[in-house]
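The values are calculated or read from the model by the stated rules, or taken from the named source; none is laboratory data. In this text the structure is predicted, and so the values were computed from the model without any measurement. Don't worry about glycine lacking a Cβ; one is built from the backbone with ideal geometry, like all the others, and counts go over all protein chains shown.
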Amino acid sequence: MVCEDGNGAQHVFGLTRRGEVYPMARGAQNIGTPEEPEWGEFAGVTFAPDRRTMYVNCYTPGTTFAVTGPWRH
């Protein structure tokens, strides 16, 4: 998994063993205003030791999301 960093909507992408990129998640946590939205930046992703839960961190406002599988590994 790869966390995207940049302007606009933020994403987490996956990468297959064949090198194909696919979208996994899109951040929708608005840290701006309704008139001028600003999206929280994903800042890290890791899996629990049993590989059943993926944790994704959002830099601002400091949120960790837990996403459950099933996951292929």
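Residue-wise test of (1) modelled with pLDDT of 90 or more; (2) of a type in the set (Val, Ile, Thr); (3) part of a strand (DSSP E or B); (4) in contact with a Phe, Trp or Tyr (Cβ under 9 Å, 6 or more places away or on another chain).
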{"residue": "Asp5", "(1), (2), (3), (4)": "no, no, no, yes"}
{"residue": "Gly8", "(1), (2), (3), (4)": "no, no, no, yes"}
{"residue": "Val12", "(1), (2), (3), (4)": "yes, yes, yes, yes"}
{"residue": "Gly19", "(1), (2), (3), (4)": "yes, no, no, no"}
{"residue": "Ala25", "(1), (2), (3), (4)": "no, no, yes, yes"}
{"residue": "Pro37", "(1), (2), (3), (4)": "no, no, no, no"}
{"residue": "Tyr55", "(1), (2), (3), (4)": "yes, no, yes, yes"}
{"residue": "Thr60", "(1), (2), (3), (4)": "no, yes, no, no"}
{"residue": "Thr64", "(1), (2), (3), (4)": "yes, yes, yes, yes"}
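So, of the residues in region 39-53 that are touching a residue at least 24 places away in the same chain (Cβ under 8 Å) and outside any strand (DSSP E or B), which turns out to be nearest to the chain's Cα centre (by Cα)?
The extreme case among them is Glu41.
Can you name every residue in region 55-68 that is over 15 Å from Arg26 (Cβ atoms) and surrounded by 13 or more Cβ atoms within 10 Å (Cβ to Cβ)?
Listed by number, the residues that qualify are Tyr55, Asn57, Tyr59.
Tell me which residues, restricted to region 1-42, are in contact with a Ser or Thr (Cβ under 9 Å, 6 or more places away or on another chain), of a type outside the set (D, E, K, R) and under 16 Å from Thr63 (Cα atoms).
Gln29, Ile31, Gly40
For region 1-30, give me each residue that is among the hydrophobic types (A, V, I, L, M, F, W, C), surrounded by fewer than 13 Cβ atoms within 10 Å (Cβ to Cβ) and under 16 Å from Met54 (Cα atoms).
Leu15
Could you tell me which residue of region 31-49 is surrounded by the most Cβ atoms within 10 Å (Cβ to Cβ), considering only residues that are under 24 Å from Met1 (Cβ atoms) and small (Gly, Ala, Ser)?
Here the answer is Gly40.
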